[in-house]
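Bear in mind these aren't lab numbers, they're just calculated from the coordinates by the rules spelled out. In this text the structure is predicted, and so the values were computed from the model without any measurement. FYI the Cβ positions are ideal-geometry reconstructions off the backbone, even for glycines, and counts take in every protein chain you see.
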Amino acid sequence: MKYLWIFLLAVAFYSCNTDPLKIDVSDIEINTAFYRIDSILYGNKPDVVHDKLQSMYSKHQSFLDVYTENILQLGKVGSPALKKNLQMFLNDTVYSQVGDAIIKRFADFEPIKERFTEGFKHYNYYFPEEDIPAIYAYPSGFNQSLVVADDFIGIGLDKYLGRGCIFYKYLGIPQFKIENMYPMRMVPEAFYALAVTQYPFSDENDNLLANMIHEGKLIYFAEAMLPETPDSVIIGYSQKQLEWCKTKEATMWTYLIENKLLYTSDRLEIRKYINDAPFTNTFTNESPGRTGVWLGWQIIHSFMKNNEEISLIQLMKIDDAQEILSQSGFFPE
């Protein structure tokens, strides 16, 4: 009995540590640069803000060109237009209130920095040849929540003020979108956006299955960077929605097969299962949107489980969705 107990303990320990994504990255050292642009914009007079942006320009040109010209649409750093438009932007009552909300919500940015740092340690583990981008956090004027470039990731903090933020309702943002506008979603969405930029859709078959598999790979990428983050936060579901998907997985899969939808190229049909929505209208109102994305994610899990020799970088480069499905052994019951 003594030896049986030891054996059972060993089995239990092994079974709790078989998640291939939960790897030890404690020995990986990285340097991630974080810049809080909101701390420059708010609390300073427009002339001071203008001068600070100019002094930053030589070292942060790639970001500032995108930020001041494309996101805020105030003009290029160094132009007369920027100085004038900055004054109007910073003196606007609404954006001043937004600034107060950003400062209050993100007074302690350390937890977010820590999550990014852990994520980039995993990124360095899987992609050691890739550079670690700088992180710029800023008020976007509700224009652009995430921007990914070669050397930086830009994050609009006003996208993550929390579900109770009054500005979202004033802007007419649908409630199902507001549900994902909270701080914990920031880091998973940033890594998802990084994957979108590095691995655009390239399957020669633009059908539902190809879109499901592609989106599933992107979600899996974010999960690989953040393996300790709950699945609900990774994909942007409530716990109830996640449980619904787990319970109805076989039902959803059977529906797609029986209605011959896996290989449809009808964009309206594809959007039903891939695009964000309050629910999937071919299922019940209790279903979440993007159920095709969730199924694609499960197919990727099954594929990686059955093909342990495939690395993450190899997975992301596979452009044939049918190959992934065929080798996944995915068949929910």
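Per the Kirkwood definition applied to all pairs of different Cα atoms, how many angstroms is the hydrodynamic radius of the range 34-197?
Working: mean 1/r = 0.0604 Å⁻¹.
Over the range 34-197, the inverse of the mean reciprocal pair distance is 16.5 Å.
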Taking the Cα centre of the chain as the origin and placing charges on Cβ (Lys, Arg +1; Asp, Glu -1), which of N211, F221, P46 is farthest toward the positive end of the dipole? P46
Formal net charge of residues neighbouring G164 (Cβ-Cβ distance under 13 Å; K, R +1; D, E -1): +3
Unit Cα scatterers, Debye sum, the range 158-249: log10 I(q)/I(0) for q = 0.16 Å⁻¹: -0.78
Pairwise centroid distance, computed over Cα atoms, of the range 200-264 with the range 102-147, Å: 24 Å
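At 1.567 mPa s and 4 °C, plugging the Kirkwood radius over alpha-carbon pairs of the range 186-239 into Stokes-Einstein gives what diffusion coefficient in µm²/s? Spell out each step's value before the answer.
Numbers: Rh = 11.6 Å.
This corresponds to a translational diffusion coefficient of 111 µm²/s.
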For the range 107-238, what's the relative contact order in percent, using C-alpha pairs closer than 8 Å and at least 6 residues apart? 23 percent
Between K169 and K104, what length in nm is gained on full extension when 0.36 nm per residue of separation is reduced by their alpha carbon distance? 21.5 nm
Distance in nm between pseudo-label sites at E29 and E204 (7 Å out along the Cβ direction from Cα): 4.8 nm
Describe numerically, in nm with one decimal, the distance between label points set 7 Å from Cα along Cα→Cβ at S62 and at E243. 4.5 nm
Can you show me the helix-derived [θ] at 222 nm for the chain, built from DSSP H runs with n ≥ 4 at -39,500 (n - 2.57) apiece and divided by the number of residues, rounded to the nearest 500. -15500 deg cm²/dmol
Quick calc: nm separation of the 7 Å Cα→Cβ label points for S55 and A250 -> 6.6 nm
In the range 219-239, which residues have a backbone nitrogen under 17 Å from the label point lying 7 Å from F176's Cα in the Cα-to-Cβ direction? 235-239
What is the extension gain from K22 to A149, computed as 0.36 nm multiplied by their sequence separation minus the C-alpha to C-alpha distance, in nm to one decimal? 42.9 nm
Could you calculate the FRET efficiency of N91 with T197 from 1/(1 + (r/R0)^6), where r is the beta carbon distance between them and R0 is 30 Å, rounded to 0.05? 0.30
Which value in Å does the Kirkwood hydrodynamic radius of the range 88-164 take, with 1/r averaged over all unlike C-alpha pairs and then inverted? 14.1 Å
Relative pair counts by distance (%), Cα atoms of the range 176-333, 5 Å bins: 2, 9, 19, 24, 22, 16, 7, 1
For the range 201-328: relative contact order, % (alpha-carbon pairs under 8 angstrom, 6 or more apart): 38 percent
Determine, at each q value in 0.07, 0.08, 0.09 (inverse angstroms), the log₁₀ of I(q)/I(0) that the Debye formula gives when each Cα of the chain is one equal point scatterer. -0.35, -0.45, -0.56
About the Cα centre, charge dipole magnitude for the chain (Lys/Arg +1, Asp/Glu -1 at Cβ), debye: 1200 debye
Can you give me the relative contact order of the chain as a percent, contacts being Cα pairs under 8 Å and 6 or more apart? 15 percent
